[in-house]
Amino acid sequence: MAIDEEITRTGECRQCGECCRRLGWLLVHADDDTLEWLRARDTEIKVVPDEDVREYYWVSIPYPCTHLVDMGNGVFHCDMHDTKPEICKRYPEPTDDLKPGCGYRFTKG
Ligand code: SF4
Ligand code: SF4
């Protein structure tokens, strides 16, 4: 998906925790703060050239985030919600693969 296409996000978070349980996403133009946070968590980071966006980062964390808290009844919370990284606050973005059951959707236009 080209990043200059008009993409609209609809829906809402269902607090399923799936995006924090299996972390792997496409990250475009990462800032130093984000990369530092990721590397501190033994993150595998690959810089990949792409015809649309010169370079992007494929980020993979091979374990559930330790800040994910099971509240019961299928609801999960982040124990650092107010101070979590921007990358968490912005998820999902159009370049992300939506996790199965995610309450958000992307549409063109
Ligand atoms: S996968 Fe989607 S619905 Fe589930 S916690 Fe993440 S953003 Fe919310
Ligand atoms: S810091 Fe919070 S929002 Fe970010 S991956 Fe961990 S549990 Fe999810």
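The values are calculated or read from the model by the stated rules, or taken from the named source; none is laboratory data. Owing to the predicted nature of the structure, the values given are computational and were not obtained by experimental measurement. Cβ placement follows ideal geometry from the backbone for every residue including glycine, while neighbour counts extend to all protein chains displayed.
Could we say that Asp70 is within 18 Å of Asp97 (Cα to Cα) and either surrounded by fewer than 15 Cβ atoms within 10 Å (Cβ to Cβ) or at pLDDT below 70 (or both) here?
Against the criterion (within 18 Å of Asp97 (Cα to Cα) and either surrounded by fewer than 15 Cβ atoms within 10 Å (Cβ to Cβ) or at pLDDT below 70 (or both)), Asp70 does not qualify.
When residues of region 75-104 are filtered for being near ligand 1 (Cβ under 10 Å from one of its atoms) and either modelled with pLDDT under 95 or of a type outside the set (Val, Ile, Thr) (or both), how many remain? Quick ask: steps written out before the conclusion?
Residues of region 75-104 near ligand 1 (Cβ under 10 Å from one of its atoms): 75-78, 88, 91-92, 96, 98-104.
From what is left, the residues that are either modelled with pLDDT under 95 or of a type outside the set (Val, Ile, Thr) (or both) are 76-78, 88, 91-92, 96, 98-104.
Number satisfying all stated conditions: 14.
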Practice task
Name every residue in region 62-109 that is among the β-branched types (Val, Ile, Thr) and touching a His at 6+ places or on another chain (Cβ under 7 Å), in order of residue number.
Solution key: Val69
Practice task
Answer with yes or no whether Gly24 is surrounded by 14 or more Cβ atoms within 10 Å (Cβ to Cβ), under 17 Å from Asp96 (Cα atoms) and either away from ligand 2 (no atom under 16 Å from the Cβ) or at pLDDT 80 or above (or both).
Solution key: no
Fill in the blank from the handout: Only unsatisfied item for Met1, checking (1) closer than 24 Å to Thr107 by Cβ; (2) within 16 Å of ligand 1 (Cβ to nearest atom); (3) among the hydrophobic types (A, V, I, L, M, F, W, C); (4) modelled with pLDDT under 85, is (2)
